[in-house]
Amino acid sequence: MLLYVGKRVLMMIPTLFAISIIVFTIIQLPPGNYLESYIAELQAQGESVDQQKVAFLREYYGLDKPIPEQYVRWVGGMLHGDFGYSFEFNMPVTKVIGDRMLLTIIVSFVTILFTWCVAFPIGIYSATHQYSWGDYGLSLVGFLGIAIPNFMLALVMMYVANVLFGTTIGGLMDPEFIGKPWTLEKVKSVLEHSWIPVIVIGTSGTAGMIRRLRANLLDELQKQYVVTARAKGLPPGKVLRKYPLRMALNFFISDIGSLLPHIISGAEITAVVLSLPTTGPMLLNALKSQDMYLAGTFLMFLALLIVVGVLVSDLALVALDPRIRLTGGVAR
Amino acid sequence: MNVRTSLLVRCALALATMMLVTLSAAAADEPPSLAADVAAGKLPPLAQRLPATPRVVDISRPGWATGRYGGELRMLMAKDRDIRMMVVYGYARLIGYDEKLQLVPDILESLDNVGNRIFTLHLRRGHKWSDGQPFTSEDFRYYWEDVANNKDVSPFGLPRALLVDNRAPKFEVVDATTVRYTWDEPNPQFLTALAGPSPLFIYRPAHYLKQFHAKYVGLEKANARAVAAGSRNWAGLYQKLDEQFRNDNPDLPTLEPWINTTPLPTTRFVLVRNPYFHRVDRMGRQLPYIDRVIVNITDDKLIPARAGAGSVDLQARYLRFDNYTFLKQSETRNHYRVYLWEKALGSQVALYPNLNVEDPVWRTLMRDVRFRRALSLGIDRHEINEVVYFGLGQESANTVLPRSPLFRPQFRTAWSTFDPKRANALLDAIGLTKRDDNGLRLLPDGRPMELIIDTAGESSEETDVLELIRDTWRQLGIAMFARPSQREVFRKRVFSGKSMMSVFYGLSNGVPTPEMSPSELAPTTQEQLEWPMWGQYYEQNRKGGEKPELPEVVKLVGLYGEWRRASDDSERERVWLEMLAIHAEQVYTIGTVTHALQPVVVSDDLRNVPADGIFSWDPGAYFGMYNVDAFWFDTEGR
Amino acid sequence: MSTLELPPAAGNVDHYVSTEPFEPGSALELSPEQERFYLASQWKLMWWKFRRHRVAVVSAVILLVMYGSTLVTEFLAPYNLHARHTDFIYASPSPMHLVHDGHFIGPFVYAQKKSLDMKNLRRVYTPDRTQPRPLRFFCSGDPYRFWGIVDMSFHVVCPAQDGNFFLLGTDRLGRDMFSRILYGARISLTIGLLGIALSFTLGLVIGGIAGYYGGWIDTAVQRLIEVIRSFPELPLWMALSAVLPVTWSPVLIYFGITAILALLDWTGLARAVRSKLLALREEDYTTAARLMGAKPSRIIGRHLLPGFMSHLIASATLSIPGMILGETALSFLGIGLRPPITSWGVLLNDAQNVNVVALYPWLMLPVVPVIVVILAFNFFGDGLRDAADPYR
């Protein structure tokens, strides 16, 4: 067991390394660099730029150094905990990210819970009543979740919530509570604002999960032991609960691997539309303005989140399912 | 603006103001939000916080009234960086523009100007920084000797506005409240640079910044401090902290009406009143009236929605003309009103034929005035006005606005009617008579006339206008393609000559007075999209770029030089009018519609905001010249 | 299992012998239906099973209609792609009626009266119920270039001579939304197909090689797949889109976006191919083929793949919606396709602000075909996948 864990953790390292190279290459590929974007933006708004300042900054930030050297600086820094410098905010990246990563994790986590709660009953019902109208109907609802683009749904829901409930538009809480300590009012405000993103992001993950759960459960229901149990006279409900459901629970943990990337990327675009203080809007801005350390670090963090999430789910699966432990590997 | 007052008159004025102010200051109350601190002894009383002769703000616009203290002004911005807009809106400048676009001393008590060469600046005695430390000529000396002329902090030398023919002025400290700058040749940019929205700062809070400067704490200590804060060396840290315009360092003392108290990163900035602000109203009450300003950062696409939901008290930035209908709908429900201010651009959308384009065939065409005139005649500005601006704009060439004293009707109408017949005749006269099977004219070397216009790709307004122009130019036998680009790429393409035409907004200062610089009308910088290489030639002191060849352009350069050396306003006016006339005839840039409108959302309770103003970056600083410090909340009139 | 007594030793056991005539050489007689069933090819069996899934069939028909329409968009759209009507900016949708004043006069729309609300700066359109404008069919309308080659002006439906037919309203330049949605279908639907073709090929080739050869190739490919799967899709798409030089022509950008979408999608397919191949290559028929001297490509292509091609097709079909949504999302964010290309994503980008939601909601209608296509693909793919295993 420990060997397995150790092996998995060790395998994570080259993966992360490869990811960092890819991320850095992608960030560097667009023409120009941060300073040029910055100047161009000021120009577009009719402001003027002091050329000398610009030249100074270019030299100071090392934007005139060759690319492999910039990469080494970045990776070297990351290993020390120094994630580089954000040009846009004029401060170390870690200070900029601050709360945002935490909020992203929280939003993702809550959305996964939501997805579980919705997909579970629907998946079970679908599997046990295959090809019935209920099956079709619920599948339709689930598919609608994928089909409606997140951003459209977010925009409309946000507007409707403002007109119907008076919820302030955008953000995760009313502006007065930003930066203030957590009071009951603040919690209420956050809850008021967060149901929209959770629903919007959650609906797209639900359908996939329903489909996979349904397929898995159908497989289980065909197995010999279910037939045996029924033949022995167990009531259908009990049959369902005692055996196949346990296998289905297994599935929840293992499915995080497919669900997590989906949730996180869904969260990004929804966050952009709803202006949530998570990594989404900041990442989009950083990419557009080529604030390369910030964008690179965000991408690394997101990828890390997924890799770690998958690792955790695999480990949890190993802990839950003795078959895997005994046969020495995850059959996925 | 040429303030030359004799010593006697100045003294009399000072004495009178001092008396008036001390009398009223004695009777004036403390701003309630500071009363507690003053009572507790944490802040000195009002009379000691104000300079001996504060600036009295008393505006004679109808509807303007002295106000009451209190309230919180909410605004929305889209990026953390935008907090610098508070320095723009606050508009505390050594000398600044008033509502009538006249230059008036603000931080300075007075300014002596001899022939635009010798400037004597008189500070207000007793003026203090926002942390209570005195604001004196030492702050100017510190800047001059230890910042501007320090090779580590300013490796690239003095700012351009301080140089005339690359020569620096002579700086001298006359006494604790007087400094003088002397140039050999006139420097007409000096005052307008000081009054700019992003101004030339020739002073620093020396008492605060000295602790980071190697000369005052020693190289080792400064470097150690810098490294501890994450910078490479002391100059790096210094540069980061010495940023009065960026407004993101809560510890940096300021002279603006509100002080930023929130460090980055954040989505909500809180600015509190500056207890040492130097302006008062006519009753002697210290400005600003409003206690706090809250700036919330949100996605720029959500700002119109949030403004319409009543989340702001004053908003113009990120609101577009096409948001007006939506904003108007929710006016009564959400307790605000929407004003429409006039944007001060010479043209909302203007086309810039690149006279320095690489391709020789296109270059000859672009330099042929008949071609440019034909293109201009081939634009249906009326249609553009109707479609994009609801008919509320003004069809015009790219020139100054009627509000400017330099406006002449013939500048606006020159070559800007829609006359495809005449345009076709001009194109035929150039010799572009051959056409291909599709009716497109052929260039002299046989290629079909396919004009590619580069855009910075962000404004749907530009895309729409180009769509309309494409159709009318087709009638002239010219096929037009818009190529959206990213901003940096866009600029690079223009500067390198790869782009044959680009689209941007027109004259950025559409309301100039003769003292303002006509630098936009002559080749002065590479940034000018119609002649980047000629501009570069002058920007780099004849060492880069290309020397202009067209006779009229050379004339413009000469005229610009005349303006800089001019000694009085009437001469400057003459130069301006000549330059504008040349532009009208030569159509170097093709304007479309001007007088576009900017929606401004103002809360029902907010007073002293003009219903009808100019929305201009320079001059004007957007809200700056309208004295935001004198806006106030009238909660009793509800 | 109750009373079973064994017979005494060396005793007789009762047995039963049938007296029916018996010929060991005769084959089992099959009824015609059974014969058809057993002799049917794999694809025929799939088709029969698929037909039973009614919703999937309906979806297939819908998809066929939509893709078919992209071939003749120019005929179907009442206006051509760039037609503008400056007098009808932001016109609200004018629905089609059949009955006017109690009489049936065939399909028509009411003329719209425009007035300017100068207080709110709004254009107000009211239908004039006294002026029906009958629609013309199979008529000559806006000229266009069919597929960019032939000049034609034939339309299936056109507005009346002096009227307009804005079934779904117009946008801010007065362009008919219905026509734009039809033209947008061309781009949005084909991006999905092209993308899937690319990702299918990539997945087959890479997964095939990994599965067949095994060993270190397999490990390397597995690592690669893991790395790619660890990326959140959208941020990576965003980053890659930022790479595309904006000076590229629209067609190149279109292909660029397709390539980007495909580059992240092939992993699912590759894993499926790989695991199947790992299992199947131990089969006897594979060994037989190898011993007979077949090259690996032939073995993979002719012997192994057909066994699970149906699964692959089903998975591929289920990936198409992801691509369409991806393009829509990227264009919506402004980093995918841009005007003058017209795709559903670009149309939705125009609809992305509060003005639209509050005042001109018909500009959000392009989301409807997106939803329909994605639902159709999902049901279709589900049906295919159920049908792909006919022996279940």
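A compact table of results
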| read-out | value |
| --- | --- |
| In the range C:27-128, the trypsin sites (Lys or Arg not before Pro) that fall in loop regions by DSSP, at most 13 other Cβ within 10 Å | C:Lys119 |
| C-alpha center-to-center spacing [the range B:608-638, the range A:233-252] in angstrom | 70 |
| Relative contact order (%) - the range C:144-269, alpha-carbon pairs under 8 angstrom, separation at least six | 25 |
| In nm, spacing of pseudo-spin labels at B:Glu185 and A:Lys180 (7 Å Cα→C-beta vector) | 5.9 |
| Kirkwood hydrodynamic radius over Cα pairs of the range B:415-499, then Stokes diffusion coefficient at 20 °C and 1.002 mPa s, in µm²/s | 150 |
| Residues with amide H under 5 Å from that of B:Gly96, placed H, sequence gap 5 or more | B:Val104, B:Asp106 |
| Relative contact order computed over chain C (Cα-Cα under 8 Å; 6+ residues apart), in percent | 19 |
| Per-residue average of Cβ from other chains inside 10 Å of A:271-280 | 4 |
| Separation in nanometres of the label points that stand 7 Å from Cα toward Cβ, at C:Gln34 and B:Asn166 | 10.4 |
| Using a Förster distance of 41 Å, the FRET efficiency for B:Asp437-C:Met96 (Cβ separation, nearest 0.05) | 0.55 |
| Rounded to whole Hz, the Karplus (6.51, -1.76, 1.60) HN-Hα couplings of the range C:65-74, x for glycine and proline | 4, 5, 5, x, 5, 5, 6, 10, 3, 4 |
| Spatial separation of Cα centroids for the range C:30-73 and the range C:154-196, in angstrom | 31 |
| Cut-off under 5 Å, modelled amide H: who pairs with C:Leu337 long-range | C:Ser331 |
| Spin-label zone in the range B:268-309 - amide nitrogen under 17 Å from a point set 7 Å from the Cα of B:Val56 along the C-beta vector | B:278-287 |
| Cα-based equivalent ellipsoid, chain B: semi-axes from gyration tensor eigenvalues, Å | 45, 29, 24 |
| Nearest-20 debye value, the range B:474-539 charge dipole, Cβ charges on Lys, Arg, Asp, Glu | 540 |
| Rounded to 10°, Cα long-axis angle of helix B:219-228 versus longest principal axis of chain B | 70 |
| Principal-axis tilt of helix B:569-586 within chain B, Cα atoms, nearest 10 degrees | 30 |
| Note, ³J(HN,Hα) from phi for the range A:230-240, Karplus 6.51, -1.76, 1.60, rounded to Hz, x at Gly and Pro | 5, 4, 7, x, 5, x, x, x, 5, 4, 4 |
| Largest to smallest principal axis extent of the C-alpha atoms in the range A:246-311, angstrom | 49, 24, 14 |
| On Cα atoms only, tilt of B:487-496 relative to the major axis of chain B in degrees | 60 |
| Label-to-label distance, nm, for residues given as C:Leu359 and B:Leu219 (7 Å Cα→Cβ offset) | 6.4 |
| Extreme residue, positive dipole direction of chain B, given options B:Thr364, B:Gly393, B:Gln598 (C-beta unit charges) | B:Thr364 |
| Total charge dipole magnitude, chain C, about the Cα centre, Cβ charges on Lys, Arg, Asp, Glu only, Debye to nearest 20 | 1420 |
| Under-5 Å amide H pairs with C:Phe166, H placed in peptide plane, nonlocal only | C:Ser94 |
| Dipole magnitude of the range C:191-335, debye to nearest 20 (Cβ charges: Lys/Arg +1, Asp/Glu -1, about Cα centre) | 400 |
| Karplus-derived HN-Hα couplings along the range C:198-206 (A = 6.51, B = -1.76, C = 1.60, θ = phi - 60°), whole Hz, x at Gly and Pro | 5, 5, 4, 4, 4, x, 4, 5, 5 |
| 10 Å binning of all Cα-Cα separations within chain C, expressed as whole percents from 0 upward | 4, 16, 21, 20, 14, 10, 6, 4, 3, 1, 0, 0 |
| Kirkwood hydrodynamic radius of the range C:1-141, Cα pairs, Å | 24.5 |
| Sparsely packed chymotrypsin sites (Phe, Trp or Tyr not before Pro) within the range C:102-140, loop by DSSP, other Cβ within 10 Å at most 13 | none |
| Contact order normalised by residue count of chain B, Cα under 8 Å, 6+ apart, percent | 19 |
| Sparse-neighbourhood loop sites, trypsin sites (Lys or Arg not before Pro) in the range B:430-492 - DSSP loop, at most 15 other Cβ within 10 angstrom | B:Lys434 |
| Peptide B:302-311 - average C-beta neighbours from other chains (10 Å radius) | 6 |
| Three semi-axes of the equivalent ellipsoid, the protein assembly as shown, Cα gyration tensor, whole Å, largest first | 65, 39, 31 |
| P(r) tail fraction, the range A:148-306 - alpha-carbon pairs more than 29 Å apart, % | 41 |
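Here, each number is a calculation from the coordinates, and none is a lab measurement. Owing to the predicted nature of the structure, the values given are computational and were not obtained by experimental measurement. Cβ atoms come from the backbone with ideal geometry, glycine included; neighbour counts cover every protein chain shown.
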